[in-house]
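Report on one structure; see the data block that follows.
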Amino acid sequence: MSIFNYTNEELASLKATFTATEIYQQPSTWEKTIEQVRSRAEEIKAFIAKVIDQDDYDVILTGAGTSEFVGNALYSYLNRQLNYKVKSYATTDLTATPENYVSPNKPTLLISYGRSGDSPESVGAIQSVEAVSNNVYHLFITCNKDGALSKRANAEGDRCLAINLTPETLDKSFAMTSSFTNMYLATLLCFSLDHYDETVAAVKEVIAAAKKLVEEDWSTIKEFDGAFDYGRIVYLGTNTLKGIAQESALKMLELNAGKIVTMFDTPLGFRHGPKSIIDNTTLTVLYLSDGEYQRQYELDLLKEMSGQRKENRIMVVCNAPCELAKSLANYYYCFDTPAKDNIFVGLDFIIVAQLMALFASIRNHFTPDNPCPTGEVNRVVKGVILYPYSK
């Protein structure tokens with residue numbers, strides 16, 4: 001079997017086996033996550049209800065790096081679903097200054113994300129949060145049943161619940177790919193239990209589009225990547241897609257060992273200074289929303305940037321087709337499935353970014369499975385000392 005037209009031997013020589021496999025496997029792992037959450041629906045619903053059935057509460061999504069960006073992508077959608085009670089904070093912030101983020105007595109559901117569940121700040125955030133609040137419930141969504149987070153849930157009983165995703169989502173590559181999308185999907189499903197079949201129907205359309213991308217259309221993305229030797233790349237997206245843009249930027253930065261300068265923003269926010277990054281080596285990737293209202297703002301920026309374009313280039317990724325965007329961009333990829341909320345299309349859009357980062361890494365002669373073999377940056381963070389909380 002080959003993946004993205006690379007044989008197993010070629011992937012091994014490129015040190016890209018894990019990264020390519022983990023990107024490719026995502027549609028099939030999403031199917032497993034759907035069934036996993038379905039099988040525990042009553043347990044999950046009852047646990048979440050301990051917090052959200054109370055008169056006032058907070059839901060905090062937390063993680064570090066890519067795990068933080070899971071929450072950053074989800075929170076605006078979940079915030080609307082949960083009476084505007086949802087926040088997304090990094091574990092690195094909660095560890096250092098928990099009193100700025102966590103109510104001392106309000107019921108709080110802390111949803112912690114972790115590929116390994118072993119990073120120092122995953123543990124540190126819990127310790128710090130519990131030092132300032134006596135009313136915290138923990139939902140751990142991880143890819144490692146043997147990690148510190150999962151073990152804590154097993155030991156502590158009714159205030160903790162762990163959802164340990166299917167073992168292949170414990171990505172072995174340096175960069176998180178299938179772990180990101182499955183933690184994201186699991187959370188979406190956990191808060192869709194009252195309309196599960198409807199949500200799954202939309203996700204099934206996303207899965208079909210993702211399968212087509214990883215099995216056939218990856219070659220189009222590889223062609224886009226190879227058509228322009230970009231030194232800078234900017235990802236732009238609205239609401240959920242801002243979080244997807246943030247994760248996209250990190251994937252390119254990680255897999256290319258910092259060689260490519262990356263940035264993310266919203267289409268509206270980009271004009272307010274960050275647009276200064278545009279030079280002749282910049283590729284701007286615009287994620288188009290399906291929502292007509294949001295798309296107006298996104299297309300206005302595209303028109304503006306297209307008219308100002310010199311040697312820099314523009315790529316558009318969309319779900320619902322847009323002939324105007326196609327005519328204005330250098331590169332255009334459309335999934336062409338029925339229109340849906342950004343929370344769903346984000347799962348497909350991030351695979352485009354993962355593929356771009358992988359192909360750029362190989363093109364730039366890095367080793368995707370470990371682009372920093374000298375050890376300055378590690379797959380699981382090292383070197384963090386946790387201190388007892390004191391105010």
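Where helices (runs of 4 or more DSSP H) sit wholly within region 142-214, those with at least 3 residues that are touching a residue at least 24 places away in the same chain (Cβ under 8 Å) and over 29 Å from P338 (Cβ atoms) occupy 148-156.
Within the option set L61, L78, being under 30 Å from V352 (Cβ atoms) and either part of a strand (DSSP E or B) or over 22 Å from the mean Cα position of the chain (by Cα) (or both) holds for one residue only, L61.
The residues on offer are A202, A155, A186, A175, and the sole one that is farther than 22 Å from I244 by Cβ and of a type in the set (A, V, I, L, M) is A155.
So, T66, is that one of a type in the set (S, T, Y), outside the structural domain of G291 (by TED's automatic domain parsing), within 15 Å of M176 (Cβ to Cβ) and in contact with a Phe, Trp or Tyr (Cβ under 8 Å, 6 or more places away or on another chain) or not? Here the answer is yes, as T66 does meet what is asked. The requirement of being without any contact (Cβ under 8 Å) to a residue 60 or more places away in the chain, in a helix (DSSP H, G or I), under 15 Å from G237 (Cβ atoms) and not basic (K, R) is not satisfied by L347.
Looking at the structure I just gave you, is S88 over 27 Å from D265 (Cβ atoms), touching a Leu at 6+ places or on another chain (Cβ under 9 Å) and among the small types (G, A, S)? Criteria not met by S88.
Here S67 clears all of (1) touching a strand residue (DSSP E or B) at 6+ places or on another chain (Cβ under 6 Å); (2) surrounded by fewer than 22 Cβ atoms within 10 Å (Cβ to Cβ) except the condition numbered (2).
Restricting attention to region 350-391 and to residues that are basic (K, R) and outside any helix (DSSP H, G or I), the residue that is modelled with the lowest pLDDT turns out to be R379. When each of D341, D336, D300 is tested for being modelled with pLDDT of 95 or more, on the phi > 0 side of the Ramachandran plot and not β-branched (V, I, T), the lone residue that passes is D336. When T284 is tested against (1) outside any helix (DSSP H, G or I); (2) closer than 19 Å to P368 by Cβ, only condition (2) is not met. Checking each residue in region 2-15 for being of a type in the set (A, V, I, L, M, F, W, C), on the phi < 0 side of the Ramachandran plot and not in a helix (DSSP H, G or I) picks out only I3. Per the conditions (1) buried (at least 16 other Cβ atoms within 10 Å of the Cβ); (2) not in a loop (DSSP other than H, G, I, E, B), the sole criterion not satisfied by S289 is (2).
The listed residues are S112, S122, and the only one of them that is in contact with a strand residue (DSSP E or B) (Cβ under 6 Å, 6 or more places away or on another chain), closer than 20 Å to L188 by Cα and small (G, A, S) turns out to be S112.
Residue count for region 94-138 satisfying the condition of being out of contact with any helix residue (DSSP H, G or I) (no Cβ under 7 Å at 6 or more places or on another chain), in a helix (DSSP H, G or I) and farther than 18 Å from L149 by Cβ: 2. Condition test on A209, is it of a type in the set (G, A, S) and modelled with pLDDT of 95 or more? The answer is yes for A209.
Of the listed requirements (1) closer than 23 Å to I343 by Cα; (2) surrounded by fewer than 24 Cβ atoms within 10 Å (Cβ to Cβ), S112 misses just one: (2).
The values are calculated or read from the model by the stated rules, or taken from the named source; none is laboratory data. The structure displayed is predicted, hence computed values, not measured ones. Counting neighbours? That spans all protein chains shown, and the Cβs are built from the backbone with ideal geometry, glycine included.
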